[in-house]
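Each reported figure results from applying straightforward, stated rules to the coordinates on display, with no laboratory input. From a predicted model like this one, the values you see are computed outputs, not experimental measurements. FYI the Cβ positions are ideal-geometry reconstructions off the backbone, even for glycines, and counts take in every protein chain you see.
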Amino acid sequence: MSLYLQQVRGLSSFGAGATFLPMMLVGAFLTPFSARVAERIGARTLITSGLVLMAGGLAILAVAPASTPVWALAALMVLVGLSGPLIDPPVIAVLLNSVADHQAGTASGVFNTSRQIGGALAIAVFGALLAQPGHFVHGLRVSLLIASGVALTAAAVSLVLRTTGNVTTGQVR
């Protein structure tokens, strides 16, 4: 999206960054509350909802017309920003509380390594799609739809999470 905003829509790097600001602020504001929300409605529900919200936000961005105003794109990206606090803290709590205390460091390391590998693969695949001469916007749309599909698949998989206990005190089992 940053490349799209700069190369296709003509924004400066500052303007592109400002477009991401509402999404980031929403995520930063909501993250401290995600454990309490997970405690009330359940980590699985929160994780699944966040992944569905992310999938929807990415799909909407993928099909947004080229004439969509930048401010509207910023508003649509808020959907993706909302998903982070709904997904990440509860997933980490479920993961760390599903292993014995002496395995928490290993579990955390494997989790973060898999995130890094996933990010690197995404950059490689999406970068290849964006690098097609004359097909940047098409590549962006395909990339967003792929990411949406991955998020939706993860939402389906998250339905099998077994979680009980207290997320805020770290007693999720």
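Here the contact order of the range 90-141, divided by its residue count and restricted to Cα pairs under 8 Å and six or more residues apart, works out to 19 percent. Over the range 2-160, the fraction of Cα-Cα pairs per 5 Å bin, rounded to whole percents and listed from the shortest bin up, is 2, 9, 14, 19, 21, 15, 10, 6, 3, 1, 0. In degrees from 0 to 90, rounded to the nearest 10, what is the angle of the helix 70-96 Cα long axis to the longest principal axis of the chain? Between the helix axis and the principal axis of the chain, the angle is about 20 degrees. For the pair the range 128-144 / the range 97-111, the C-alpha centres are spaced 38 Å from each other. Placing +1 on each Lys and Arg Cβ and -1 on each Asp and Glu Cβ, with no other charges, gives the range 2-160 a dipole about its Cα centre of roughly 200 debye.
Using only Cα atoms and rounding to the nearest 10 degrees, what angle (0 to 90) does helix 104-130 make with the longest principal axis of the chain? With both axes taken from Cα atoms, the answer is about 20 degrees. For the chain, the longest principal axis of the C-alpha atoms and the axis of helix 136-158 are separated by about 20°. Going by neighbour counts of Cβ atoms within 10 Å, the residues 9, 36 line up, fewest first, as 36, 9. Over the range 2-160, Cα pairs under 8 Å with separation of 6+ residues give a relative contact order of 32 percent.
Note on the range 5-28 and the range 56-89: Cα centroid distance 12 Å, given to the nearest whole angstrom.
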